[in-house]
Amino acid sequence: MVLSSESIKRHLIEGKLVIEGFKESSFRPASYLLRLSDHILLMEQHDGEIDTKSTDTKSFFKAIQIPIEGYVLKPGDFILGASVEYLSLPNSLCGELSQLSCYARVGLSINFSANYVSPTFGHNNPSSITFEIKNESCNDIRIYSRVNFCHIRFMQTDLDVTSSYNGIYSGHKEVKAADFSTKPAKG
């Protein structure tokens, strides 16, 4: 069941759900709008390959701070960004990210595959959400920090989960590239 904005507010008031950097104006009828922080990682051409069993990909990215006048994504550019907000989910809620239609309509893809936020994400340590962003259009697209960037919908699990999310990306306040040396692909 997807939570309404009223249910999200109730979870916030009761302290079950935490959204640090919360803005009342970011509520939608059944979602909350997350904003893009001003630190991004731009993937650059690299001589090496990314081995999904052993590569720490941070050397494949260039750290950039989005200036006040915005940052221009060239066609094909891929960046990682983080939410301004830090979240902590209880063991009874999971989240799903969905891009705003205005960005989709110009060819900007946001979280095209990694859109699930696990119950207990950020538990006891509210964490930023990572955005995977790609310019799929044939035009330059200027993006800005601290503007509404994507929806997060919250869904109630049928039962409270009994295990905690302990992924390597929880507990971070800024964007983090994939690190397969710490978390290799498994079969």
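Points worth noting:
- Residue selected from segment 22-32 under the condition at pLDDT 95 or above and either surrounded by 16 or more Cβ atoms within 10 Å (Cβ to Cβ) or not charged (D, E, K, R) (or both), by the criterion farthest from residue 120 (Cα to Cα): 25
- Scanning segment 41-76 for residues that are crowded, with 16+ Cβ neighbours inside 10 Å, closer than 13 Å to residue 175 by Cβ and β-branched (Val, Ile, Thr) yields 57, 66.
- Any chance residue 152 is at pLDDT below 95, under 14 Å from residue 34 (Cα atoms) and under 14 Å from the mean Cα position of the chain (by Cα): no
- Residue among 10, 35 that alone is in a strand (DSSP E or B) and either surrounded by 17 or more Cβ atoms within 10 Å (Cβ to Cβ) or out of contact with any Gly (no Cβ under 6 Å at 6 or more places or on another chain) (or both): 35
- Residue under evaluation residue 153, criteria (1) in contact (Cβ under 8 Å) with a residue 24 or more places away in the chain; (2) over 18 Å from residue 16 (Cβ atoms); (3) of a type in the set (D, E, K, R), criterion not met: (2)
- Single residue of segment 107-144 satisfying the filter (touching a Pro at 6+ places or on another chain (Cβ under 9 Å) and closer than 22 Å to residue 75 by Cα) that is surrounded by the most Cβ atoms within 10 Å (Cβ to Cβ): 135
- Looking only at residues of segment 96-107 that are assigned to a strand (DSSP E or B) and within 17 Å of residue 36 (Cβ to Cβ), we find that the one that is nearest to the chain's Cα centre (by Cα) is 97.
- Residue within segment 77-91 that is open to solvent by 50 Å² or more (accessible area, probe 1.4 Å) and assigned to a loop (DSSP other than H, G, I, E, B) present: yes
- Residue 64 aliphatic (A, V, I, L, M), free of Cβ contacts under 8 Å to residues at least 40 places away in the same chain and assigned to a loop (DSSP other than H, G, I, E, B): no
- Test: residue in segment 68-75 that is over 23 Å from residue 118 (Cα atoms), in contact with a Phe, Trp or Tyr (Cβ under 7 Å, 6 or more places away or on another chain) and either of a type in the set (Val, Ile, Thr) or part of a loop (DSSP other than H, G, I, E, B) (or both): yes
The values are calculated or read from the model by the stated rules, or taken from the named source; none is laboratory data. Worth saying up front: this structure is predicted, and the values here are computed from it rather than measured. Counting neighbours? That spans all protein chains shown, and the Cβs are built from the backbone with ideal geometry, glycine included. For accessibility, only protein heavy atoms count, side chains too; no ligands or nucleic acids. Shrake-Rupley method; radii C 1.70, N 1.55, O 1.52, S 1.80 Å.
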